[in-house]
Each structure stands twice: as structure tokens, then as C-alpha cells.
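The values are calculated or read from the model by the stated rules, or taken from the named source; none is laboratory data. All values reported here derive from a predicted model rather than from experimental measurement. Here the Cβ positions follow ideal geometry from the backbone for every residue, glycine too, while neighbour counts run over all protein chains shown. Side chains are part of the model used for accessible areas, which takes the heavy atoms of the whole protein and leaves out ligands, DNA and RNA. Shrake-Rupley method; radii C 1.70, N 1.55, O 1.52, S 1.80 Å.
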Amino acid sequence: MQMVVIGGTAAGLSAAAKARRLDREMEINVFEATSYVSYGSCGLPYFVGGCIAQPEELVSLTVEELREKRGIVAHTRHRVLAIDREGKAVKVLALDSGRESWQRYDRLVLATGASPVMPPIPGADGPGVCTLRTVEDGIRLKQLAGKAKHVVVIGGGFIGLELSEQLALRGLEVALVEAQPRLLPAFPEKYAGMAAGELARQGVALHTGAKAAAILRDEKKQVIGLRLADGRQLPAELVVVAAGVRPNTLLARDCGLALGSTGGILVDERQQTTDPAIWACGDCVEMRHLLTQKPCWFPLGTTANKQGRVAGENAAGGQARFPGVLGSQVTKVFDLYLAATGLGLEQALSQGFEAQAVSITKSDRASYYPGGGENHLTLVFRRKDGRLLGAQGAGSATAPGRIDLLAAAITWGASVSQLGELDLVYSPPVAPVYDPILIAASQAAKQVSG
């Protein structure tokens, strides 16, 4: 039995590792277009900022370790050019030698990930303009940041925020440009304002409702700034584009696999595509939302790893299922932590839920204990029965843990009344006697129509 995996990061190697555990005799080949496999791409902003010193620290298993410890053959700098579904083979280009070859498969797993979106900005095609998706991107960006004084980050999503933080901590003068009227549309406006305030407090110049019109260059073609659509010019020797990502589906589309309404590869709950010999997982696939039961797309490392295990088990003959996602996510902006799960109020209303929301602010420790921080917590719930639909939190480092607990409550269908009955821990240095979750649940329960 021969298994081929296209993509050597989170989803692809999770699939390969799971298949190996179930089938010790299967021949497994992984093809990865970059020079690195098994790395944590979510750590790249922190490598750029210097919090992580060497790129190798992001790598869980090297090519040699995969072969010796797992029996998985990983081919770096090998790009898959085409899939022959009828002949069950993939066409592979060895990037260093230029040699093309065909690799047969009995089972194929697509873990082709996502690619950065590059808006059509005049001047973007040239030196001094970067995206951040691979380790090589991180190495290049880190080198350029070491020579720059001013940097403009285009895009106020999680990667844009994290890069703005890390580049500012390196001592660069950072301007963050976001086309939308505010940051973080999945969060309540108050929390977006808190993020904007934290950026300002740390010296990052935020420009919301601003569109990049052109990257400015001198006579030597070096970046000297960014012109906004309103005519303002921001100085920069380096521009980082973090305007989002889109699923990599070219191989799937070209070989005739179906794509979903969100643009990702269409898969069932077994991560199987419309070809019974091909599975797909990670950022390249469409997902199902646990609350709406509708197609969605969340390019998250947690989801990629879980889907990879499901795809790998089933490619090896198993019967695993991936239930869906809530879109749980978290980021840190200097000293502010923001996390969310499930639906925001606007999302819930747009999906037809008769939803309501309550927000509270509460210390994460006993009020008299020194060193506590505030937790701002919003619960979104169904008005008729109080079923929890979503939660967003902002504040101290303890906020994400509370959102994790609320993700579990949503998954298991809990109501805000049941949430208020939880027996949570209490100790002055750790948590108040009435946890922020209990306070929010109590306030929400008063609004339930029943």
C-alpha cells in the first residue's frame, strides 16, 4: 500500500503519523515545496520579533527524524504539479534539480494549506515587500526588519496584529493599515477599541478605514513608503502584507475534485473528497460549523491537526469522523489577550437565531489580592431557552482559558443557566469567589424569555 501526502506541515504530517500508527507496512511519502517540514507556522511572528531565536526551534521533527522515528519519507523542496486520478499518480518537480517524476499512490492526502492574499497594490512586486506564511518568509522578513527603521503592516487580522507587536518590540516604528472601519469584526466593538488603544499605548500608529493605494520606491527601486487612498503617505523601508489567506485548491480543481461554496475543497465528515481514494485536510478544505451546520472556513492550526488525524486514520482504513468547528481563536496584542468561540451577536442574528448578548467586566482574582487583571466577557445566547451560542473575551492572560471552557459548554449544548451552576475553582491568587463566567451567566439568565 502506497500513501502520498501533499503538504508537510500540520495537517499533512498529522495524517501521515496517524496512518503510520495504524499501518506499519504502508509506504508513506510526503512532498513539501519548502525547505522545512513539521513546523509551527503560528510561531513565525515571534521568530521575526526575536522571541524565538532560530527557525529550527519551530520544527517538531526533521526529515531525518521523520524517517528514523516514524518511518515516513519526507521530500522537501518537491512541488507536486499535477494529480492523475485515473492512473493514481502525482507529478512531482524536484525544485533543486529541475527533474520531474511520477509517484504512484493507492491513497492520497491533500494538505496543500492556504496562500497569502496579495492585493493589487502598485509597487508591491519588488524588494522590500513581504508576506508571512513559511519559514523562508520568516527568515527573509527577519533579515529585512533588521535593516529597517519604519515598517507598514497591511492588514489588521491576527497575523497583522501579532507582527505589529513583534516589530514594535524590536524597536521599529510601526504603522498598521486596516481597510475596515475597525479591527477584529468578530469581536464586540468595545474589544476592538481596547485592541486599538493598546496599539496606541505601545506606539503603533493605527490607520483604520484606510486602503493602500501604492507602495512608493526611490530611483533604486527601494521601498520608501506607502501612499493611502486618501493621499496620506506613511514612511517605510519595509512593507508587510497580512491581508488574509485563501485555500490552496489549484491541484484539486485541476484534477476535477469538487470545491465547496467557501472555496475550500469539498470533503465529508471523514475528510474524504469526491474521489474515494483522496482525502483532504487543513486550511485547503471547507468545514462545517457546529452551530449553524453550514459550510465555513477557518484556517487554524488546531483544526488542521485534528482533520489531519482523521484523514490519516481513514486513509489507512479507519472510520474516524471530524464533527466540525466553532472557530475558536485567540491572539495577544502586547498586554491584551483576546479570544472568541462560536458566534458573535451579529453573526448569530444573521444566521437566524433569536439571539441576545450580555457583557460584564470582572477581576480575574479576588479584588483584594494584588496583581489581578480585568476580564471583559461577552456571552451570546438564544433568547428562548438560553442556549449558549458564542463568547468573546478580552483582558488579562486568564481570559483565553475562560473562552476554552465556554467552547466546551457550547459544544455540549449548555444553557446560560447550566453555565451558572458550574462548580468552578476559587482561591484569591487564582480566581474570585464568583468567577467572571458565573457573573456573566447570571446576567444572561435574567434575559432568557422562559
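At a glance:
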| read-out | value |
| --- | --- |
| Selection from segment 106-127 of residues that are in a loop (DSSP other than H, G, I, E, B) and farther than 30 Å from residue 243 by Cβ | 106 |
| In segment 367-387, residue modelled with the highest pLDDT [restricted to those that are in contact with a Ser or Thr (Cβ under 8 Å, 6 or more places away or on another chain) and among the small types (Gly, Ala, Ser)] | 386 |
| Hits in segment 426-441 (condition: over 23 Å from residue 328 (Cα atoms) and surrounded by fewer than 19 Cβ atoms within 10 Å (Cβ to Cβ)) | 426, 427, 428, 429, 430, 433, 434 |
| Members of segment 167-186 that are surrounded by fewer than 23 Cβ atoms within 10 Å (Cβ to Cβ) and part of a helix (DSSP H, G or I) | 168, 169 |
| Extreme residue, farthest from residue 142 (Cα to Cα), among residues of segment 261-275 that are touching a residue at least 40 places away in the same chain (Cβ under 8 Å) and surrounded by 15 or more Cβ atoms within 10 Å (Cβ to Cβ) | 275 |
| Residues that are buried (at least 22 other Cβ atoms within 10 Å of the Cβ), of a type in the set (Val, Ile, Thr) and part of a strand (DSSP E or B), drawn from segment 241-260 | 241 |
| Segment 138-166, residues that are open to solvent by 40 Å² or more (accessible area, probe 1.4 Å) and under 23 Å from residue 298 (Cβ atoms) | 158, 159 |
| Filter result for residue 203 (open to solvent by 30 Å² or more (accessible area, probe 1.4 Å), assigned to a loop (DSSP other than H, G, I, E, B) and modelled with pLDDT of 95 or more) | yes |
| Filter result for residue 59 (touching a strand residue (DSSP E or B) at 6+ places or on another chain (Cβ under 9 Å) and surrounded by fewer than 21 Cβ atoms within 10 Å (Cβ to Cβ)) | yes |
| Selected residue (only one of 219, 286 is at pLDDT below 95 and surrounded by fewer than 22 Cβ atoms within 10 Å (Cβ to Cβ)) | 219 |
| Answer residue from segment 296-305, given it is in contact with a helix residue (DSSP H, G or I) (Cβ under 8 Å, 6 or more places away or on another chain) and in contact (Cβ under 8 Å) with a residue 40 or more places away in the chain and is nearest to residue 248 (Cα to Cα) among those | 299 |
| Test: residue in segment 229-251 that is basic (Lys, Arg) and either farther than 18 Å from residue 332 by Cα or under 22 Å from the mean Cα position of the chain (by Cα) (or both) | yes |
| Close pairs (6 angstrom Cβ cut-off, 6 or more residues apart or separate chains): closer than 16 Å to residue 289 by Cβ in segment 407-420, of a type in the set (S, T, N, Q) and outside any helix (DSSP H, G or I) anywhere | 407/328; 407/341 |
| Any hit, segment 270-291, residues being among the basic types (Lys, Arg), touching a helix residue (DSSP H, G or I) at 6+ places or on another chain (Cβ under 8 Å) and farther than 18 Å from residue 7 by Cα | yes |
| Flag for residue 390 being within 21 Å of the chain's Cα centre (by Cα) and modelled with pLDDT under 95 | no |
| Residues within segment 84-125 that are under 27 Å from the mean Cα position of the chain (by Cα) and in contact (Cβ under 8 Å) with a residue 60 or more places away in the chain, tallied | 14 |
| Residue check, residue 133 in a loop (DSSP other than H, G, I, E, B), in contact with a Pro (Cβ under 8 Å, 6 or more places away or on another chain) and of a type in the set (Lys, Arg) | yes |
| Condition check for residue 114: of a type in the set (Gly, Ala, Ser) and in contact with a Phe, Trp or Tyr (Cβ under 7 Å, 6 or more places away or on another chain) | no |
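This table checks each residue for (1) within 30 Å of residue 46 (Cβ to Cβ); (2) surrounded by fewer than 17 Cβ atoms within 10 Å (Cβ to Cβ); (3) charged (D, E, K, R).
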{"position": "64", "(1), (2), (3)": "yes, yes, yes"}
{"position": "88", "(1), (2), (3)": "no, no, yes"}
{"position": "92", "(1), (2), (3)": "no, no, no"}
{"position": "131", "(1), (2), (3)": "yes, no, no"}
